[in-house]
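First the structure, in the form of structure tokens, and then the observations on it.
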Amino acid sequence: MKNHRKVVAAGESILDILFRNGQPVAAVPGGSSFNSIISVGRAGVPCTFVGYNGADIVGRNTVGFLRENGVDTEHFHLREGEKSAVSLAFIGENKDASYLFYNEPPQVSADSTLPQMSRGDVVLFGSYFAVCEGMRPLITEMLGQAASQNAIVYYDVNFRSNHKGEREALLPAILQNLRQSTIVRGSADDFEVLFSSRDARVIYNMYISQHCPFFICTAGAEAIFVCTPGGIHEFQAPPVQDIVSTVGAGDSFNAGFACALIWDNIMPEDLPGLSRDDWQRLVMTACDFAGQTCRSTENYIKHYEKHPDNPDSFGTRTDPECPR
């Protein structure tokens, strides 16, 4: 029977201009949750994106890009009189990126809308968009709807050093997001800025577990920790060859995890009973997505050659080197 669950993502939309050795090499639509939803759409999973852009050429091109990649745009709005956001991403020798952002603080407007959610849908959200004052009314409403419909809420904290000075002001919203999430994911870099620790066990026991039972901590090519009330699982991230850029890798990890939840037909009530092998299967699919993105100048996975309706058919890809 066909699976009718979907992924709903909410976040900012930014035109990312990538530089290498001081020269622009690519310009791609980006934004944390935006990157995730493009990967979800390319994987053939039903999805929709909640957000906005300016009613300019960047915004119009972004709408077309979403639709071309299988993402529903009913809840993505173009705002008259507002310029679309732009970021400059400078790729360093280690393939990581530093950013300059040119955008206005996110704000809810009268045209902001949310999709109807259903039981088992996966809601992806995070980064500054999820905690800034301007977007809190929309985020609060979205999380309330997700709870009422028994959706899986996946929160990527994504707290970067450029917002370190706002930590105290943003912490109440971050904690509220933790309390309303089913799964929390973040990088060791995020938590070093936020909680002055990179130790997944310390972070979970001291800051996460009392708010959310399921926690995933990543650290690039290092170990991935999945922390649950039943125990902590450690997995080694698969090696990735021929890395071009790490921009969007974490976002694609989130997309892969969301897709795996749907492909494996895991509902919210199933999470407490998952075994180590179950978590490993979810994490490895997420790593697969991240690895594909690292080998591209884009912020998302490549298109799949076939779109599976069940996990048993998952595996035929345009990039055969990606580990399963």
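The values are calculated or read from the model by the stated rules, or taken from the named source; none is laboratory data. Please read these numbers as outputs of a predicted model, since none were measured by experiment. Methodologically, a virtual Cβ is constructed for each residue, glycine included, from the backbone with ideal geometry; neighbour enumeration extends over all protein chains shown. Protein only, heavy atoms only, side chains kept; ligands, DNA and RNA dropped before computing areas. Shrake-Rupley method; radii C 1.70, N 1.55, O 1.52, S 1.80 Å.
A few points about this structure:
- Considering each residue of the range 140-147 in turn, none proves to be at pLDDT 95 or above, in a loop (DSSP other than H, G, I, E, B) and buried (at least 16 other Cβ atoms within 10 Å of the Cβ).
- Some residue of the range 269-283 being of a type outside the set (Val, Ile, Thr), in contact with a Ser or Thr (Cβ under 6 Å, 6 or more places away or on another chain) and either farther than 23 Å from Ser13 by Cβ or surrounded by 19 or more Cβ atoms within 10 Å (Cβ to Cβ) (or both): no
- Gln176 being assigned to a helix (DSSP H, G or I), modelled with pLDDT of 95 or more and either open to solvent by 20 Å² or more (accessible area, probe 1.4 Å) or farther than 19 Å from Arg136 by Cα (or both): yes
- If you check Phe129, Phe191, Phe195 for being under 16 Å from Ser33 (Cα atoms) and aromatic (Phe, Trp, Tyr), only one passes: Phe129.
- For Asp121, the conditions (1) surrounded by 23 or more Cβ atoms within 10 Å (Cβ to Cβ); (2) in contact with a Leu (Cβ under 7 Å, 6 or more places away or on another chain) all hold with the exception of (2).
- Of the residues making up the range 106-131, those that are in a loop (DSSP other than H, G, I, E, B) and either at pLDDT 95 or above or hydroxyl-bearing (Ser, Thr, Tyr) (or both) number 13.
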